[in-house]
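Since the structure comes first, as structure tokens, the remarks are kept for the end.
The values are calculated or read from the model by the stated rules, or taken from the named source; none is laboratory data. Owing to the predicted nature of the structure, the values given are computational and were not obtained by experimental measurement. Note that we place each Cβ from the backbone using ideal geometry, even for glycine, and neighbour counts take in every protein chain shown.
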Amino acid sequence: MELQQLVYAVHVAEQMSFSRAAECSHVTQSCLSQQIAKLEQELGCRLFERNTRSVQLTEQGEQFIRYAHKVLEDLDALHTSLLPSVQDLRGTLRIGAIGSMATGAFSRMIGSFFARHPEVRFRLVQAGSLELREKLQRGELDVAFITSTQQPEADTAIRMTTISSFSYFLAVPKGHRLAQEQSVRLSDLREERFVFHDDNLAMYQICLNACRAAGFEPKIVCTTTHTWFRYYMVEAGLGIGLFPYEDFLSFPPNRVVRLRIQPAIEPLLSLAVPGEREDNPLVDSFLSFVHSWTTLYHAGLHNDI
């Protein structure tokens, strides 16, 4: 088993598509498919169920991907521990992040920056994108990782740089009429009940606009600011819900069913700073580091790889 095969498998699980996984892995689809086939042959089981329309993880695949994430996290921690210390920056970096940033990838990025600058201290604030934007404008944060549908140049109060995008999936409870499907058109959900984000979160409006673009007003029976509340409400059968891929990594296996949505709901992940700010070597170094880190790993910080 090769390390790169683990990376390929994780990319396929995240993208639920061999072609998109090949793109973010910067290899041809045939190369990636061959490596996945070799991995499955070595393991003696299928990790993915494939057909012409979609890709789905098998039960063994779900278990394998969880272990693959842990292996990649440990290897990255080892790499970071061997980096030379650079003690040229001091101070506290105030970082805001949306809830879906609570992943191994984000924490490894912070850890890698800390390994280079061990005198730096961090204050992490988790909140919705709208609240984080307000905190940036009030000078309460130095940087923030936020969700947006706007391109960077569309905002003047804060300066945003798009560093990635991420995909939302549909969660339905076991026994739901769609539980055996692998994908669903958003327009086919017009009669369903929805468990939604709270309306003070940016994703509320993004998901609402997606439903309206599909030709219907969603029947929202419950809203909440908390991801796990939404998950448990879906599991209990109150309705169906829209979640980013990374949330499913922390959900208990085999309790809800994940379906790909067509057309895709893919908000932007942006790194934001106040529109007007004084020069700050610590903040500037962090911004440069984030861009280099995301380029190196070919992945968004919200992806747990």
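Among the residues of the range 185-207, is any surrounded by fewer than 19 Cβ atoms within 10 Å (Cβ to Cβ) and either of a type in the set (A, V, I, L, M, F, W, C) or at positive phi (or both)?
So far as the range 185-207 goes, no, none of its residues is surrounded by fewer than 19 Cβ atoms within 10 Å (Cβ to Cβ) and either of a type in the set (A, V, I, L, M, F, W, C) or at positive phi (or both).
Residue-wise test of (1) at positive phi; (2) outside the structural domain of R121 (by TED's automatic domain parsing); (3) at pLDDT below 85.
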residue: Y8; (1), (2), (3): no, yes, no
residue: M16; (1), (2), (3): yes, yes, yes
residue: G44; (1), (2), (3): yes, yes, no
residue: V55; (1), (2), (3): no, yes, yes
residue: H69; (1), (2), (3): no, yes, yes
residue: D74; (1), (2), (3): no, yes, yes
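Pairs needed: first member in the range 104-119, within 14 Å of G91 (Cβ to Cβ); second member anywhere, among the hydroxyl-bearing types (S, T, Y); C-beta distance under 6 Å; at least 6 residues apart or different chains.
Listed pairs, sorted by first residue: P118/S85.
If you take the residues in the range 177-193 that are modelled with pLDDT under 95 and small (G, A, S), which one is nearest to the chain's Cα centre (by Cα)?
Ranking the qualifying residues of the range 177-193, first place goes to S183.
Considering each of F196, F122, F166 in turn, give the residue that is at pLDDT 95 or above, closer than 30 Å to I240 by Cβ and either of a type in the set (D, E) or in contact with a Ser or Thr (Cβ under 8 Å, 6 or more places away or on another chain) (or both).
F196
Please note which helices (runs of 4 or more DSSP H) are completely contained in the range 227-300 and include at least 3 residues that are under 18 Å from the mean Cα position of the chain (by Cα) and assigned by TED's automatic domain parsing to the domain that holds F114.
Here the list reads 281-297.
Might you let me know whether the range 90-98 holds any residue that is modelled with pLDDT of 90 or more, among the hydrophobic types (A, V, I, L, M, F, W, C) and more than 17 Å from the chain's Cα centre (by Cα)?
Looking for residues that are modelled with pLDDT of 90 or more, among the hydrophobic types (A, V, I, L, M, F, W, C) and more than 17 Å from the chain's Cα centre (by Cα), one finds at least one in the range 90-98, hence yes.
Being over 15 Å from A264 (Cα atoms) and free of Cβ contacts under 8 Å to residues at least 40 places away in the same chain is the filter here, so list the residues in the range 198-214 that pass it.
Passing the criteria: D199, Y204, Q205.
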